[in-house]
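This is the structure I want to talk about, given as structure tokens.
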Amino acid sequence: MPGKLFLFDFDGVLVDSLALYENSVNVCLERIGRPPIATREEFLDLFEDNFYSAIEKRGIDVNAFMAASKAVTPTLDYGIVRPVTELLPVLAEMKARHGLLIISSNSSFAIRLMLAKFGFDPYFDDVLGADFNFSKIEKILYAKGHFRTDARHTWYVCDTAGDIREAREAGVKTAAVTWGWHPRERLERARPDAIVEKPGDLLALCG
């Protein structure tokens, strides 16, 4: 593979999907007889860690949650999701020289649906969602092995503190975007390798 490997989180990085994701989690919890997440802040706290580890620590059966998610995902209102359209020319330029892959806690079905809807799909070599593995660490390690890249040439572009921590444990560099789910202050506490203020700033990592 030429150049570097850029691994992209999906929700919060490529699309503004916080309301949709939060609602879908609560619908799934209700389906399995668990109380919904009470507040937006409590929901975002789940992403200080791996999302699935975080809900498991709350006593939620992850397999039951995923079974509910499989039923709920096709019924969601994707019309409320907004793409980060400023990324389109950036991705086109990055794709010309580097490998691009999505690693997310969302389902591959939902991700692929939205990639096609918003015109992002030509730029990504693959999608590794929750159905591939719950752990982003394992997904990142798989991607590094599959594309034969090392830590110096692999970046995870993400928007939560939990993403940063998992990527660091997987031995890759992290670029935290400030337009996503966690505010800059929370991202900085997790110590990413780079903070990205605007989509175009990602091109500075490509050299």
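Output ³J(HN,Hα) for the range 55-67: one whole-Hz value per residue in order, computed from phi by the Karplus curve 6.51 cos²θ - 1.76 cosθ + 1.60 with θ = phi - 60°, and x for Gly and Pro.
For the range 55-67, the Karplus curve yields 6, 5, 5, 8, x, 8, 6, 5, 5, 5, 4, 5, 5 Hz.
Classify the range 137-207 as rounded, prolate or oblate from the Cα gyration tensor: take a ≥ b ≥ c as the square roots of its eigenvalues, call it rounded if a/c is under 1.5, otherwise prolate when a/b beats b/c and oblate if not.
oblate
Would you indicate which of [x] 10.3; [y] 13.5; [z] 12.9 is the value of mean projected area of the Cα convex hull in nm² derived from the coordinates of this structure?
[x]
Using only Cα atoms and rounding to the nearest 10 degrees, what angle (0 to 90) does helix 18-31 make with the longest principal axis of the chain?
Around 40 degrees separate the two axes.
Another question, if that's okay. Report the Cα centroid-to-centroid distance between the range 31-76 and the range 92-155 in angstrom, as an integer.
Each part reduced to its Cα centre gives a spacing of 22 Å.
If you don't mind, there's one more thing I want to ask. To the nearest 10 degrees, how steeply does helix 108-118 sit against the main Cα axis of the chain, on a 0 to 90 scale?
Long axis of 108-118 versus the principal axis of the chain: about 60 degrees.
First check a/c for the range 18-78, with a ≥ b ≥ c the square roots of the eigenvalues of its C-alpha gyration tensor; if it is under 1.5, answer rounded, and if not, answer prolate when a/b is larger than b/c or oblate otherwise.
Since a/c reaches 1.5 but b/c is at least a/b, the shape of the range 18-78 is classed as oblate.
In what sequence, highest mean first, do 198-204, 186-192 appear when ranked by Cβ atoms within 10 angstrom?
186-192, 198-204
Taking amide hydrogens as modeled 1.01 Å from N in the peptide plane, which residues meet the under 5 Å criterion relative to Gly12, leaving out close sequence neighbours?
Those lying under 5 Å, H to H, from Gly12 are Ser17.
Each reported figure results from applying straightforward, stated rules to the coordinates on display, with no laboratory input. Quantities reported herein were computed from a predicted structural model and do not represent experimental measurements. Note: ideal-geometry Cβ built from the backbone for every residue, glycine included; neighbour counts use all protein chains shown.
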